[in-house]
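*Asks:* I have a structure I would like to understand better, so I am pasting it below and will then ask my questions one at a time.
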Amino acid sequence: MEGEEERSPQEADTEPVVPVGSSEVVPRVLSGEPQNLSDADALSLLLEMKLRRRRERPSLPRTVTELVAEDGSRVYVVGTAHFSDDSKRDVVKTIREVQPDVVVVELCQYRVSMLKMDESTLLQEAKEISLEKLQQAVRQNGVMSGLMQMLLLKVSAHITEQLGMAPGGEFREAFKEASKVPFCKFHLGDRPIPVTFKRAIAALSFWQKVKLAWGLCFLSDPISKDDVERCKQKDLLEQMMAEMVGAFPDLHRTIVSERDVYLTYMLRQAARRLELPRSSDAEPRKCVPSVVVGVVGMGHVPGIEKNWTTDLNIQEIMTVPPPSISGRVSRLAVKAAFLGLLGYGLYWMGRRATSLVLSLPVAQYCLQRASAARPRK
């Protein structure tokens, strides 16, 4: 790769332009004597430079799956482990090799902040689960969904503490590399996390919620970096979740399978033919197949492959079903139990505090004086 990027301009101009999956000719502006370029010519030159760097047969990591759209557009799906340095390198290599038009990552707008934070800040945030974070999660997603989100954050924090590595490094690398590629767009491809959690909670009975929360609360198995690299074929975080929710097929469907469908839909939307710049409105439009890089957890790759050629409708998986009667009853029962425990706790603390105060010598003296001063009938 280094040799490819360090070629002189003269060497670059002697190479033919080969858009991947296209036989159309791309307009070229040859370098040489200084010349005034129109905006269209400048755009054309930048696009040509990008296509020169794009390899016709790229050398890709083994974690990359290639998919082809009906119009010839190509999608390179990089399956990653969210806590892996190797995955970061795989993402960088793939983007540099194929010079994509769009990069799609497994993030939604509620998690986009991880792209802008540095590793140390993310590491600290993942380790700290505060009351403020809990309140924010409850406000955004409701009581049960907010608690479930915090419990899943605890799982992520557990892995973070074990490995000393913050999650999402491959997404940050994808963001950096995409900014270096001319005309490359960056898309968020995951379903909004509040929808995922609300649908997941709605799929569970009250006792299933209690059982899952119990398992998440007492997660403490040690994890090593070797364990992460052995999980390159199935993302570590999702593998741990799959082991815990094995008894809950509906939960697996909402957290994994439905997101497979959503990610596939977003990748297909990104893989549309690319219109080339024109020097004037009179010039006919020319389009070539686009190239897309998708960065997703390895656990989603089989589902994306399975759904790639099927008709997809994401309207159903974007709706949150209304709570059932049993769900409403269980929620009321949880609230009543919480208020009851809170009331009993306050009553017990009040009695305890009163007993302690009355046992003080000063209090005893005041009581005696008050009793003596009381008029007798």
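The values are calculated or read from the model by the stated rules, or taken from the named source; none is laboratory data. Only a predicted model underlies this, so the values are computations on that prediction, with no experimental measurement involved. Note that we place each Cβ from the backbone using ideal geometry, even for glycine, and neighbour counts take in every protein chain shown. Ligands, DNA and RNA are stripped out before the accessible areas are found, and what is left, the full protein with its side chains, is counted by its heavy atoms. Shrake-Rupley method; radii C 1.70, N 1.55, O 1.52, S 1.80 Å.
*Asks:* If amide H atoms are built 1.01 Å from N in the plane of the peptide, which residues on other chains or at least 5 residues away come under 5 Å of the amide H of Thr80?
*Replies:* Residues meeting the criterion, in which the H sits 1.01 Å from N, are Val296, Gly297, Met298.
*Asks:* Next question, about the same structure. At a probe size of 1.4 Å, how large is the accessible area of Val357, to the nearest 10 Å²?
*Replies:* In the full protein context, Val357 sits at about 80 Å².
*Asks:* Another one. Which pairs in the list Lys116/Lys209; Lys50/Lys306; Lys93/Lys185; Lys211/Lys306; Lys88/Lys198 are over 27 Å apart, alpha-carbon to alpha-carbon?
*Replies:* Lys116/Lys209; Lys50/Lys306; Lys211/Lys306; Lys88/Lys198
*Asks:* Now for a separate question. Note down the net charge around Ala270, summing +1 for each Lys or Arg and -1 for each Asp or Glu among other residues with Cβ under 12 Å from its Cβ. Let's see the in-between values first.
*Replies:* On the way: positive: Arg74, Lys185, Arg268, Arg272, Arg273; negative: Asp101.
Residues near Ala270 contribute +4 overall.
*Asks:* List, in order, the whole-Hz ³J(HN,Hα) value for each residue of the stretch 175-186 obtained from phi through the Karplus relation with A = 6.51, B = -1.76, C = 1.60 and θ = phi - 60°; use x for Gly and Pro.
*Replies:* 5, 5, 5, 4, 5, 8, 9, x, 6, 8, 9, 10
*Asks:* Could you run the Karplus curve 6.51 cos²θ - 1.76 cosθ + 1.60 with θ = phi - 60° over the stretch 296-301 and give me ³J(HN,Hα) per residue in whole Hz, x for Gly and Pro?
*Replies:* Result, rounded to whole Hz: 9, x, 4, x, 8, 4.
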